[in-house]
Amino acid sequence: MTDCWAGLRRYAQAHHLAQVSAGYAAATVVAVIAGGHDFVLPAANSRGWTEMASTVATPLPFAMLAAGSLHSSMASLEQAASGRLARAEVAHLAAALLLAAALLGTATLVTGSPGGAAEGVRNLLIYVGLALISGRLFSRSLSWVVPVGAFVLVDFWGSDGVRPRWWAWQFMVYDSLWSWVAAGAVLTGGVAALVARPAGRSLWPPGRRA
């Protein structure tokens, strides 16, 4: 048991989980303050601006923290680690995502509405999936690149000035089935990018393969 706790402590230190927790707290405060409000930002449409719900933006820091927390100060050593560490990363991501969803959903519900909270959680799933893909394409320390790029893309070109375009899922209302399907697909792609192992390595040991 002592060895287990020591291993967990080393894992938390290597992944800077104390700093991530502080980031979650700050993002929660921002979500509470912004809840129920709309942002007006420049956009490339007929009006020259886009009015968006705060839930388009407030999930972004949670997603970057959740995916970015997989980055480690021992990343070069962990690249050669066993499947046991890889499975720990999946559990790490699941815990980080659930905590982010709980904090974001509660913060939005307190000052917004149940629909707004649902939209925030859906957008969180989208941004986390994109952040995981970004971590695979560039590096885990750059998990923010693709989700921030997606936010800029949606802000500038995601609306014709009246309605959101079909691919601007973050703009869609909470009961849009298509937006939830898209969120699930993006998150699944991100998780696939996370668990994909280099040639010759597998996430699961031979005894657990189908």
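Looking at the structure I just gave you, is residue 18 modelled with pLDDT of 70 or more, assigned to a helix (DSSP H, G or I) and over 21 Å from residue 108 (Cα atoms)?
Considered against the rule, which asks whether it is modelled with pLDDT of 70 or more, assigned to a helix (DSSP H, G or I) and over 21 Å from residue 108 (Cα atoms), residue 18 comes out as yes.
Yes or no, residue by residue, for (1) touching a strand residue (DSSP E or B) at 6+ places or on another chain (Cβ under 9 Å); (2) modelled with pLDDT of 80 or more:
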residue: 32; (1), (2): no, yes
residue: 39; (1), (2): yes, yes
residue: 57; (1), (2): yes, yes
residue: 65; (1), (2): no, yes
residue: 79; (1), (2): no, no
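Can you tell me which residue in region 137-148 is modelled with the lowest pLDDT, limited to those that are surrounded by fewer than 24 Cβ atoms within 10 Å (Cβ to Cβ) and not in a helix (DSSP H, G or I)?
The selected residue is 139.
Check whether at least one residue in region 113-136 is at pLDDT below 90, farther than 22 Å from residue 93 by Cβ and surrounded by 13 or more Cβ atoms within 10 Å (Cβ to Cβ), and report yes or no.
Yes, region 113-136 contains at least one residue that is at pLDDT below 90, farther than 22 Å from residue 93 by Cβ and surrounded by 13 or more Cβ atoms within 10 Å (Cβ to Cβ).
The values are calculated or read from the model by the stated rules, or taken from the named source; none is laboratory data. Remember, it's a predicted structure, so these values are computed and weren't measured experimentally. Glycine also receives a Cβ, built like all others from the backbone with ideal geometry; neighbour counts cover every protein chain displayed.
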